[in-house]
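Trainee: First, the structure itself, so that you have it in front of you.
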Amino acid sequence: MTKIGAQILLECLEREGVDVIFGYPGGVVLPIYDKLNLFKIRHYLVRHEQNACFAAQGYARSTGRVGVCMATSGPGATNLVTGLTDAYLDSIPVVAITGQVSTHLLGTSAFQEADTIGITRSCTKHNYLVPSVEELPAIIHEAFYVASSGRPGPVLVDIPKDVLLKAAEMTELKEMKLPGYQVPEQGDPAEIRQAIALIWNAERPVIYAGGGVIHAGASKELRELAEITGIPVTTTVMGLGGFPSVHPLSLGMLGMHGRFATNQAVIQSDLLISLGVRFDDRVTGALDRFAKGAKIIHVDIDPAEINKIVKADAPILGDVKRVLVELNRQLRETSKESAPKKQQARDAWRAQIAAWQKEHPLKYEQSKTEIMPQALLEEIVRLTQGDAIISVDVGQHQMWGAQYFQFNEPRLWLNSGGLGSMGFGLPAAIGASVAHPEKTTIAFVGDGGFQMSLPELGTLANYNLPVKVVIMNNQYLGMVRQWQELFYQGNYSEVEFPIFPDCEKLAAAYGIPGKVIDKPNQLTDALKKAFSTKGPYLLDVRVAREENVYPIVPSGGALEDMILEPKAKLTSAGKSKP
Ligand SMILES: Cc1ncc(C[n+]2csc(CCOP(=O)(O)OP(=O)(O)O)c2C)c(N)n1
Ligand SMILES: [Mg+2]
């Protein structure tokens, strides 16, 4: 039976297991919207295409499945660019469907024509302009495969309107032929043997785990590696949740806002077992002084990452999970004879790290009159017990989140790690909540970022999604203000919004409950009320305005240059001086 391209597209999406699309209609995608009601796929109508892509990411980040977003040609497609770039930098599997002007109009500056393929070439793993309806099924199948295989990433499929309208037969899938696209899986046995030798010979090893561990579903194997060897684990901001926060070997996040003990452990390590990481500059600080005494094992599925920033002594190209399964098997086999050799040194190393942790824990000045941001985070941790999905925006609240929130499992912490896109938190929470309606989902956002995605309160209200929006409201673009305070002589320039909406009225305008609080004694009740109310909730928490995130490594500095607390600078010997 012949069907039009739009119908074929939706059938193909169902064949890929798609149950949800986040999207926004427009002229050239009308044929798709016209056929939507014939399918089981649920469409969530957002308020801006950027948020469709963030929501698709929230779905993907919280499930590991491909998230799907859809937009019309021209402005619809260009509105996706930030979301796609964000997904690209964080390796998130997203398929974006865009409409395009009809084939005969391509290149004529037709109404709502944009060169979507050209514009998104550098922010997608791959993109396709569908030349004919006959090729649509194969392209959709390939798009999902490319988005989710190897190092995941966003793929865009641009479909001209005439392709959507043309009638054709739905075809069976043929074998995919992707010359030049190879997905490395098993690590090379010789490389693994080399890594084993390095692991048993190290005296001060640290595991440095990134988002790749979560993407590969390798959290269990990471935990086994740590437990077989007794090696402590630090994670990047993308790797949070990949190792349980409360595990005795957990060091939390490293890098610009990493704890003293964690960064110190990395600085002084003699072996860094780097798993699914990319040595981002926010992690390493000045490279010429990063972990100078350490040998580097680097496991990654993307050959482009190996030796890109830091030269690996033992590179292993492969899927982190598969590599760890094999590595752990061999480590278990060799542990009896090899482990005792460095036992003493390893014990001393863990004791040293524990001493650093005791010496410089995360700390802040408590207040009886103001809600301290960190107190807000601690209270959320206490009430959720590491079991809520928390989606954050970008800024101080995000970095405190990375320091204070605790996660028992992966895929509970959603953040824009690589691109650092403000406006991510609320729409990503929407996507996660659609995928996990039974879970408490918190959009923990800054007052600045919230205003970038505020219209999505409409989406929350429409679908009655149980997302608890908690604004950590310091009435500043806090992270920028912090940099101006510390690095621009306190010259605050354009970091304040004289007008911020009354969130009780704002929530009421959308027909959802809301509350504004500013006293420490209101905190527990307000959070409990927000979390226990069915459906969405908007809680605006006015916190101490000028609190800073510490420790902080100044931009361009090395990890050892970290500033631990107001006006105390730490020398590389680990001593504070005024
Ligand atoms: C789209 C976008 N624009 C600008 C920035 C630069 N930026 C990083 S953090 C920040 C301040 C964020 O303020 P807020 O949302 O209130 O969070 P806070 O730092 O106060 O917790 C800004 C402007 C960004 N990351 N993303
Ligand atoms: Mg703020």
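The values are calculated or read from the model by the stated rules, or taken from the named source; none is laboratory data. Just so it is clear, the structure is predicted and the values come from calculations on it, not from any experiment. Here the Cβ positions follow ideal geometry from the backbone for every residue, glycine too, while neighbour counts run over all protein chains shown.
Trainee: Can you find a residue in the stretch 373-383 that is among the polar types (S, T, N, Q) and within 16 Å of ligand 2 (Cβ to nearest atom)?
Mentor: Here is the first cut: in the stretch 373-383, the residues among the polar types (S, T, N, Q) are 374.
With within 16 Å of ligand 2 (Cβ to nearest atom) added as a condition, the list becomes 374.
The answer is yes; a qualifying residue exists.
Trainee: May I pose another question? Identify, please: which residue in the stretch 449-458 is more than 26 Å from L254 (Cβ to Cβ) and not charged (D, E, K, R) and is, among those, farthest from ligand 1 (Cβ to nearest atom)?
Mentor: G458
Trainee: So in the stretch 1-50, with the set limited to residues that are within 28 Å of the chain's Cα centre (by Cα) and assigned to a strand (DSSP E or B), which one is surrounded by the fewest Cβ atoms within 10 Å (Cβ to Cβ)?
Mentor: Among residues in the stretch 1-50 that are within 28 Å of the chain's Cα centre (by Cα) and assigned to a strand (DSSP E or B), the one surrounded by the fewest Cβ atoms within 10 Å (Cβ to Cβ) is R42.
Trainee: If you don't mind, there's one more thing I want to ask. Of all the residues that make up the stretch 398-407, how many are in a loop (DSSP other than H, G, I, E, B) and either β-branched (V, I, T) or within 16 Å of ligand 1 (Cβ to nearest atom) (or both)?
Mentor: Initial filter on the stretch 398-407 (in a loop (DSSP other than H, G, I, E, B)): 405-407.
Checking which are either β-branched (V, I, T) or within 16 Å of ligand 1 (Cβ to nearest atom) (or both) leaves us with 405.
Total satisfying the criteria: 1.
Trainee: So, one more: Give the number of residues within the stretch 495-554 that are of a type outside the set (A, V, I, L, M) and touching a Cys at 6+ places or on another chain (Cβ under 7 Å). So that I can check it myself, show each step before the final result.
Mentor: As a first pass, look at the stretch 495-554 and keep what is of a type outside the set (A, V, I, L, M): 496-498, 500-505, 510-511, 513-515, 518-522, 524-525, 528-529, 531-537, 540, 542, 545-548, 550-551, 554.
Cutting the leftovers down to touching a Cys at 6+ places or on another chain (Cβ under 7 Å) gives us 514, 540.
Going through the stretch 495-554 one residue at a time, the tally reaches 2.
Trainee: A further question follows. Suppose we filter the stretch 483-494 for residues that are in a helix (DSSP H, G or I) and either within 8 Å of ligand 1 (Cβ to nearest atom) or farther than 28 Å from A443 by Cα (or both); how many remain?
Mentor: Here the count works out to 2.
For (1) more than 16 Å from ligand 1 (Cβ to nearest atom); (2) surrounded by 16 or more Cβ atoms within 10 Å (Cβ to Cβ), each residue gets a yes or a no:
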| position | (1), (2) |
| --- | --- |
| R481 | no, yes |
| F497 | no, no |
| F500 | no, yes |
| C503 | no, yes |
| D525 | yes, no |
| V543 | no, yes |
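Trainee: Looking at (1) assigned to a helix (DSSP H, G or I); (2) surrounded by fewer than 18 Cβ atoms within 10 Å (Cβ to Cβ), which is the one condition that is false for R346?
Mentor: Going through the list (1) assigned to a helix (DSSP H, G or I); (2) surrounded by fewer than 18 Cβ atoms within 10 Å (Cβ to Cβ), R346 breaks only (2).
Trainee: Considering only residues that are among the small types (G, A, S) and near ligand 1 (Cβ under 10 Å from one of its atoms), look in the stretch 408-421 and name the one that is nearest to G58 (Cα to Cα). Before the answer, list the steps.
Mentor: The initial filter retains those residues of the stretch 408-421 that are among the small types (G, A, S), namely 416-418, 420-421.
Checking the rest, the ones that are also near ligand 1 (Cβ under 10 Å from one of its atoms) come to 416, 420-421.
On the way: S416: 10, G420: 15, S421: 13 Å.
Restricting to residues being among the small types (G, A, S) and near ligand 1 (Cβ under 10 Å from one of its atoms), the top hit is S416.
Trainee: Taking the stretch 422-441, which residues are touching a Phe, Trp or Tyr at 6+ places or on another chain (Cβ under 8 Å) and either near ligand 1 (Cβ under 10 Å from one of its atoms) or at pLDDT 95 or above (or both)?
Mentor: Initial filter on the stretch 422-441 (touching a Phe, Trp or Tyr at 6+ places or on another chain (Cβ under 8 Å)): 423-428, 430-432, 434-435, 440.
Within the stretch 422-441, G423, F424, G425, L426, P427, A428, I430, G431, A432, V434, A435 meet the criteria.
Trainee: Taking the stated definitions as given, is V310 within 27 Å of the chain's Cα centre (by Cα), assigned to a helix (DSSP H, G or I) and of a type in the set (A, V, I, L, M, F, W, C)? Working first, answer last.
Mentor: On the way: within 27 Å of the chain's Cα centre (by Cα): yes; assigned to a helix (DSSP H, G or I): no; of a type in the set (A, V, I, L, M, F, W, C): yes.
Criteria not met by V310.
Trainee: Right, next: Of (1) farther than 21 Å from G423 by Cα; (2) surrounded by fewer than 19 Cβ atoms within 10 Å (Cβ to Cβ), P75 satisfies all except one. Which?
Mentor: (1)
Trainee: Here's another thing I want to ask about it. Before we move on, is V469 within 12 Å of ligand 2 (Cβ to nearest atom) and either buried (at least 24 other Cβ atoms within 10 Å of the Cβ) or in a helix (DSSP H, G or I) (or both)?
Mentor: Numbers: within 12 Å of ligand 2 (Cβ to nearest atom): no; either buried (at least 24 other Cβ atoms within 10 Å of the Cβ) or in a helix (DSSP H, G or I) (or both): yes.
Spelling it out, it is not the case that V469 is within 12 Å of ligand 2 (Cβ to nearest atom) and either buried (at least 24 other Cβ atoms within 10 Å of the Cβ) or in a helix (DSSP H, G or I) (or both).
Trainee: Looking only at the stretch 418-450, count how many residues are away from ligand 2 (no atom under 16 Å from the Cβ), outside any helix (DSSP H, G or I) and either buried (at least 24 other Cβ atoms within 10 Å of the Cβ) or among the charged types (D, E, K, R) (or both).
Mentor: Here is the first cut: in the stretch 418-450, the ones away from ligand 2 (no atom under 16 Å from the Cβ) are 418-419, 427-442.
So of that shortlist, the ones also outside any helix (DSSP H, G or I) come out as 418-419, 436-442.
Those still in the list that are either buried (at least 24 other Cβ atoms within 10 Å of the Cβ) or among the charged types (D, E, K, R) (or both) too: 438-439, 441-442.
Qualifying residue count, the stretch 418-450: 4.
Trainee: A further question follows. Taking the conditions exactly as written (modelled with pLDDT of 95 or more, more than 20 Å from L564 (Cβ to Cβ) and not in a loop (DSSP other than H, G, I, E, B)), does V266 satisfy them or not?
Mentor: no
Trainee: Going residue by residue through the stretch 459-472, is there one that turns out to be under 25 Å from the mean Cα position of the chain (by Cα) and free of Cβ contacts under 8 Å to residues at least 40 places away in the same chain?
Mentor: no
Trainee: Out of everything in the stretch 68-93 that is closer than 24 Å to R15 by Cβ and touching a Lys or Arg at 6+ places or on another chain (Cβ under 8 Å), what residue ends up being nearest to ligand 2 (Cβ to nearest atom)?
Mentor: Top of the filtered list is I92.
Trainee: To continue, here is another question. Check R278 against each of (1) over 20 Å from the mean Cα position of the chain (by Cα); (2) under 13 Å from G211 (Cβ atoms) and name the one condition it does not meet.
Mentor: Among (1) over 20 Å from the mean Cα position of the chain (by Cα); (2) under 13 Å from G211 (Cβ atoms), R278 violates only (1).
Okay, residues lined up against (1) at pLDDT below 95; (2) not aromatic (F, W, Y):
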| position | (1), (2) |
| --- | --- |
| D387 | yes, yes |
| G395 | no, yes |
| Q398 | no, yes |
| G401 | no, yes |
| Y404 | no, no |
| L412 | no, yes |
| G420 | no, yes |
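Trainee: Let me ask something else. Any idea which of N415, N408 is buried (at least 23 other Cβ atoms within 10 Å of the Cβ), in contact (Cβ under 8 Å) with a residue 24 or more places away in the chain and either within 16 Å of ligand 2 (Cβ to nearest atom) or not charged (D, E, K, R) (or both)? Walk me through it before giving the result.
Mentor: Values: N408 fails: buried (at least 23 other Cβ atoms within 10 Å of the Cβ).
After ruling out the rest, the residue left standing is N415.
Trainee: Are there any pairs with C-beta distances below 6 angstrom linking a residue in the stretch 283-295 that is assigned by TED's automatic domain parsing to the domain that holds D313 to a residue that is crowded, with 22+ Cβ neighbours inside 10 Å and assigned to a strand (DSSP E or B), with the two at least 6 apart or on different chains, and if so which?
Mentor: Pairs that qualify, where the first residue is assigned by TED's automatic domain parsing to the domain that holds D313 and the partner is crowded, with 22+ Cβ neighbours inside 10 Å and assigned to a strand (DSSP E or B), are A291/L272; A294/L271; A294/L272; K295/L271.
Trainee: Kindly establish whether R346 is modelled with pLDDT under 95 and over 23 Å from E191 (Cβ atoms).
Mentor: no
Trainee: Can F290 be described as at positive phi, surrounded by 17 or more Cβ atoms within 10 Å (Cβ to Cβ) and aromatic (F, W, Y)?
Mentor: Values: at positive phi: no; surrounded by 17 or more Cβ atoms within 10 Å (Cβ to Cβ): yes; aromatic (F, W, Y): yes.
Against the criterion (at positive phi, surrounded by 17 or more Cβ atoms within 10 Å (Cβ to Cβ) and aromatic (F, W, Y)), F290 does not qualify.
Trainee: Any idea which residue in the stretch 56-76 is farthest from V18 (Cα to Cα), counting only those that are touching a Ser or Thr at 6+ places or on another chain (Cβ under 8 Å) and not in a loop (DSSP other than H, G, I, E, B)?
Mentor: Checked the stretch 56-76; the qualifying residue farthest from V18 (Cα to Cα) is G76.
Trainee: Evaluate the following for I207: is it in the same structural domain as A348 (by TED's automatic domain parsing), touching a residue at least 24 places away in the same chain (Cβ under 8 Å) and outside any loop (DSSP other than H, G, I, E, B)?
Mentor: On the way: in the same structural domain as A348 (by TED's automatic domain parsing): yes; touching a residue at least 24 places away in the same chain (Cβ under 8 Å): yes; outside any loop (DSSP other than H, G, I, E, B): yes.
Yes, satisfied.
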